[in-house]
Amino acid sequence: MTAVGNLTHEPVEGDRFTITSEGTGDTWEIVVGLEVHCELATATKLFCGCPNHFGAEPNTNVCPVCLGLPGSLPVLNQNVVELAMRLGRALHCTVEPSVFARKNYFYPDMPKDYQVSQYDQPINVDGWLDLPDGTRVGIERAHIEEDTGKNTHAGGSGRIHGADYSLVDYNRAGVPLVEIVGRPHIRHPEQAKAYIDELRAILLATGASDAKMEEGSLRVDANVSVRRVGDATLGTRCEIKNLNSLRSLGRAIEYEARRQVDLLESGERVHQETRHWDEAAGRTRPGRSKEEAEDYRYFQEPDLVPLEPSAEWVAAVDAALPVLPAERRARLAEAAGVDPTETAVVVAVQRDLDSLALAAIGAGGDGRRVLTHVEHNLAVEGAESLDPAHFAQLVTMEVAGQLTATQAKAVLTDMVATGKAPDAIAAERGFEAMDTSQLEGIIDGIIAESPQEWAEFCGGDDKRRGKLQGFFVGKVMKATKGQADGKAVNAVLEARRAAAG
Amino acid sequence: MTLPTTATAIAAAVRAGEVSAREVVDAHLAAIEAGDASINAFNLVLADEARAAAAAVDAKVAAGEDPGPLAGVPVALKDNLCTRGVPTTCSSRILDGWRPPYDATVVERLAGAGAVAVGKTNLDEFAMGSSTENSAFGPTRNPRDPERVPGGSSGGSAAAVAAGFAPVSLGSDTGGSIRQPAALCGVIGVKPTYGLVSRYGLVAFASSLDQIGPFSTTVADSALLLEAVAGHDPLDSTSIDAPAPSLVDVLDRGVDGLRVGLVSELMGEGIAPDVAGRVRQAADALAAAGAEIGEVSVPAASYGLSAYYLIAPAEASSNLARYDGVRYGLRVDAPTTAEMNAATRTAGFGAEVKRRIMLGTYALSAGYYDAYYGKALKVRTLIVRDFEAAYERFDLLLSPTSPTTAFRFGEKVDDPLAMYLNDVCTIPTNLAGHPAMSVPFGAGADGMPVGVQLLAPALGEATMFRAAAALEAAAPPLEEAWS
Ligand SMILES: [Zn+2]
């Protein structure tokens, strides 16, 4: 294996997921590295002209090349190279001259009984991916390889052992994959899920893949180990397969970490092995151990020539890269004057509402309030076509006290549904601006009606005062039909109490 | 009129309308019918298909169209070249019943040039061997002496031409599989530069070494056939992106001033004295024609055989993995898939193929890769370097093609090392990816043909063919025993 150099960035310390032993009191941390296989969204397969699409009748998207018929030869699809580089560059990898190798093992779903894959000289090396929480996860490599066909075991138990017969569909054989090998910089099951979310966003943004975990176009294996907090060396890892959803991924990592801690605490050791996640049982089960692992006898694929994309090609890929999620978060956070790790910023980018938010802020809307609405009030269809100027106007009315938070939410919902301006909607709904003297008048009236409660509010302890505050606010809201601003009510009450004291 | 016998003459006569392709093809089918029972050059004779193809050529001539440079020329195809709808066996039981759904690029190009495929020729199973004794369908006999082997692995293609069953044929050469049988049968055999001829549709033995090339009785015919099949093919990623070279037009240019080096490593120990004598005689003939002759050392060539018997089996072990009984060919049923794979491969492959799969698997195994396959790759690099150094001083190199003349059946088949030594002169050029060809030059002391080998740098075919034409002109009669 070619050395690919070390990351200069150590992962930023995010939230660690730790397990504290009841017996020894030792605290353990999880170390996770993810390997992701994803199908590239090319029109045709990796080495032939067969269509690359999901769901066709079995063995209809096949030809002599992807069936590995004697005498057939592979020809590299240049669009695969383009998409692989796009992904690689989006992950801040270096594009290197690369070669294809054969990974030799017998399996009926593999037409040639070897898989063509990049082994010791992959196309993309040494990049990183920044998680929304600020953690930088290193990317060791992202290389090109071919997918296999699919076996179906019929009759008997439906598993390979005991099946009456097996069928093989080679439609998927030769579909282009990129395998993205992440470094073990993940410390929490939630971070693992965030990594996949972020990677998926990048795959979609670059057009490299449709990244559908449920259709198998994105497959995740997790390398999980544990170590005592403070230990510098990595523990023995297990590779967890069969993770078909983000939920499975998180559960499997947590289960596996606890299993390993239990083993180590009871004086046993972790065996390096492949384990399969059983979603129904909520546990991992042993697969092949390293000792039994096959010898794949890798050697350079003699039917293909080395791949050396020109500097011009790489530059063209760079120039055409879309703005990626991390940069979108940074832009929005800067415009709003908040930290890029804030949930509202992450959510805005996830929902593709960051350009709306940026435009609203640009049109004079208060950044914080814009983000609050995006996070809480705009998870609705059509939100992205909201007029940014109207959005900014709404936020400005709110800041000026012309609308309460509750009113603003109602107006925003109408704006999305009707496209009308906020002042027009507020007028229709009868949301009158309530000035301070009006509110003071109402509050003074209520105080006069309830002298007993007012006296207790002014003189009682904190607990009592808290209760009575609710009593007065409720009365004010009732009197104003909910149109009073809660904060303003509290402010007036506080001012009157101070004057009384 | 008597029918022309060379491809060049046949094509000219057919294109001119002087003879019909049908007459030519019928005559060759009759020769096969009469003679192949004792030679066994063919696994399959395509009589009906050939007659139909000949009729189509004749129809074109009648319509005033040009059927192409190989109009009506019967061609025999080594049975590891895929032919659409026609069994392609590699002389192995493992491909039992398999009919490729496509034609090899060379097969397509031959048909496009007006040639007529008359049959599929016998070979050592999967092209592994030097005597055609490793065929699952029985050995091919040497037409010059039926008690002797024709060489291999393209023994059927060499014998077919030597016996007059076809004026030209195609074979494949991984370590000498065209040149060695050409030498043993007394015909011309050419291994082109790696990448000059598309490998698409050639059932792979060792992908980085395999090249398709022609057999013929005249240098001009090999030039004609090679021109027709050479040139870039987008279906083969290792195909050189350049037009096919002009060969026929340069044959009469002579060798005046060409520098030809006699490879000293391939003239000493292990080379029969009569064979070495014929090579020196060939060098003298070239000198007489105006070439400058010198001696040259290619030191790494001595390690070629060892490197080859790691690299070729390593690639073969992977290339032949697909014969697993799942998709095509032989299947021996068994309770589990793995047992079915094993039973199928045990029954389907012959001893030599199994030997090489085991050698190659071992050479690539974890813990052995560096010592065997990895080291062999380094030797390969050294061989290329040594040849490059030699070609700084010489335009062409000269050596024997095979250390001996044709041997008798059974003489070496049980001694793999002795058999492997047959390829000692031919293997280095495969490792370098360079062109080389064997030209008959009289006979050895036993009266059997001797071939001399011309070697050229990559894409040096034109120069190589000029020298071959000069040797052809000066060659002693094939029957003339060395004394
Ligand atoms: Zn295909």
Yeah, region B:398-445 with a ≥ b ≥ c from its alpha-carbon gyration tensor (a/c under 1.5 is rounded, else prolate when a/b outruns b/c, oblate otherwise) is oblate
Here FRET efficiency (C-beta to C-beta, A:Lys467 to A:Glu440, R₀ 22 Å, nearest 0.05) is 0.45
Treating only Lys and Arg (+1) and Asp and Glu (-1) as charged, each at its beta carbon, one finds that the protein assembly as shown has a dipole about its Cα centre, in Debye to the nearest 20, of 1260
Site A:Ala379, offset 7 angstrom along Cα→Cβ, radius 11 Å on amide nitrogen, limited to region A:334-358, gives none
Within chain B, excluding any GluC sites (Glu not before Pro) found in a DSSP loop (not H, G, I, E or B) and having at most 15 other Cβ atoms within 10 Å, the longest uninterrupted segment runs B:270-478
Percent antiparallel among DSSP beta bridges confined to chain B, nearest 5, equals 65
Ignoring ligands and nucleic acids, A:Arg351 exposes an accessible area, probe 1.4 Å, in Å² to the nearest 10, of 90
Rounded to the angstrom and largest first, Cα extents along the principal axes for region A:325-429 equal 41, 27, 20
Here, A:Ala389 and A:Val305, labelled 7 Å along Cα→Cβ, have an inter-label distance in nm of 5.8
For A:Lys241, the aspartates and glutamates lying under 12 Å Cα to Cα, once residues fewer than eight places off in the same chain are dropped, come out as A:Glu35, A:Asp221, A:Glu256, A:Glu273, A:Asp278, A:Glu279
The rounded separation in angstrom of the Cα centers of region A:403-480 and region B:364-420 is 95
Residues meeting the amide H criterion for B:Val75 (H placed from the backbone, H to H distance under 5 Å, 5 or more places apart or on another chain) are B:Val116, B:Ala117, B:Val118
Summing +1 per Lys or Arg and -1 per Asp or Glu among the other residues with Cβ less than 9 Å from A:Val349's Cβ gives +1
For chain A, longest principal axis from Cα atoms; helix A:325-336 axis from its Cα atoms; angle between them, nearest 10 degrees, is 20
For B:Thr337 the rounded accessible area (nearest 10 Å², probe 1.4 Å, non-protein molecules ignored) is 50
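Of all accessible surface on region A:393-477 at a 1.4 Å probe, what whole percent is carbon and sulfur? Could you put the intermediate results ahead of the total?
Values: 2390 of 4530 Å².
Looking at region A:393-477 in its full context, I get 53 percent from C and S.
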Here the gain from full extension of B:Glu480 to B:Glu18, 0.36 nm per residue of separation minus their alpha-carbon distance, amounts to 162.8 nm
Scalar couplings 3J(HN,Hα) for region A:131-136 by Karplus 6.51 cos²θ - 1.76 cosθ + 1.60 (θ = phi - 60°), nearest whole Hz, x for Gly and Pro, are 7, x, 7, x, 6, 9
Which residues qualify? For A:Ala101, with a placed amide H closer than 5 Å and at least 5 residues away or on another chain, they are A:Ser117, A:Gln118, A:Tyr119, A:Glu301
Residues whose built amide H sits under 5 Å from the amide H of B:Met267, excluding neighbours closer than 5 in sequence, are none
Along region A:262-268, Karplus-curve 3J(HN,Hα) (6.51, -1.76, 1.60; θ = phi - 60°) to the nearest Hz, with x for Gly and Pro, reads 4, 4, 5, 5, 8, x, 8
Taking a probe of 1.4 Å and leaving out DNA, RNA and ligands, chain B shows per residue an accessible area in Å² of 33
The orientation-averaged projected area of the Cα convex hull of region B:401-483, in nm², is 6.1
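Within the protein assembly as shown, what percent of beta bridges assigned by DSSP are antiparallel, to the nearest 5?
Values: 87 of 107 bridges.
So the antiparallel bridges amount to about 80 percent of the total.
What does the net charge come to around B:Ala7 if you take all other residues with beta carbon closer than 13 Å to its beta carbon, with K and R at +1 and D and E at -1?
On the way: positive: B:Arg15; negative: B:Asp221, B:Glu227.
Once positives and negatives cancel, what remains is -1.
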Ignoring ligands, DNA and RNA, the residues of region A:69-111 whose accessible area with a 1.4 Å probe is reduced by 30 Å² or more relative to the chain alone are A:Leu69, A:Pro70, A:Gly71, A:Leu73, A:Val75, A:Arg102, A:Phe106, A:Pro108
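In nm, what is the difference between 0.36 nm times the number of residues separating B:Ala242 and B:Ala445 and their Cα-Cα distance?
Values: separation 203, 0.36 × 203 = 73.08 nm, distance 4.35 nm.
Result: 68.7 nm gained on full extension.
Per residue, how much accessible area does chain A show when a 1.4 Å probe rolls over the protein heavy atoms, in square angstrom? Walk me through the intermediate numbers first.
Values: 22890 Å² over 501 residues.
Value for chain A: 46 Å² per residue.
Give me the dipole magnitude in Debye, nearest 20, for region A:325-429 about the Cα centre, with unit charges on the beta carbon: positive for Lys and Arg, negative for Asp and Glu.
Numbers: 9 positive and 15 negative charges, 21 e Å.
My answer is approximately 100 debye.
Quote the charge dipole size of chain A about the Cα centre in Debye, to the nearest 20; the model charges only the Cβ of Lys and Arg (+1) and of Asp and Glu (-1).
Values: 52 positive and 76 negative charges, 166 e Å.
About 800 debye.
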To the nearest 10 degrees, the tilt of helix A:189-206 (Cα long axis) against the first principal axis of the alpha carbons of chain A is 80
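Rounded to the nearest 0.05, what FRET efficiency do A:Ala498 and A:Val229 have when you use their Cβ-Cβ distance and R0 = 45 Å?
Efficiency computed from Cβ-Cβ geometry: 0.35.
Find out how many positive minus negative residues lie around B:Arg331, taking Lys and Arg as positive, Asp and Glu as negative, among other residues whose Cβ is under 14 Å from that of B:Arg331. Working shown, then result.
Numbers: positive: B:Arg93, B:Arg322, B:Arg327, B:Arg345; negative: B:Asp96, B:Asp324, B:Asp333, B:Glu339.
So the environment of B:Arg331 carries a net charge of 0.
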Interface buried area A-B, accessible surface with 1.4 Å probe, both sides summed, nearest 100 Å², comes to 2600
Simple SL model, points at 7 angstrom along Cα→Cβ for A:Gln452 and A:Asp120; separation in nm is 9.0
Inter-part gap, Cα centre of region B:47-85 to Cα centre of region B:195-214, in whole angstrom, is 22
Note, region B:177-192: 3J(HN,Hα) by Karplus (6.51, -1.76, 1.60, θ = phi - 60°), whole Hz, Gly/Pro = x, goes 5, 9, 5, 5, x, 4, 4, 6, 9, x, 10, 7, x, 10, 9, x
Over chain B, the sum of -39500 (n - 2.57) across DSSP H runs of at least four, divided by residue number and rounded to 500 deg cm²/dmol, gives at 222 nm -11500 deg cm²/dmol
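The values are calculated or read from the model by the stated rules, or taken from the named source; none is laboratory data. Predicted model only: the values in this text are computed from it and were never measured. Neighbour counts run over all protein chains shown; Cβ positions are idealised from the backbone, glycine included. In case anyone asks, the SASA skips ligands and DNA or RNA and just uses the protein heavy atoms, side chains included. Shrake-Rupley method; radii C 1.70, N 1.55, O 1.52, S 1.80 Å.
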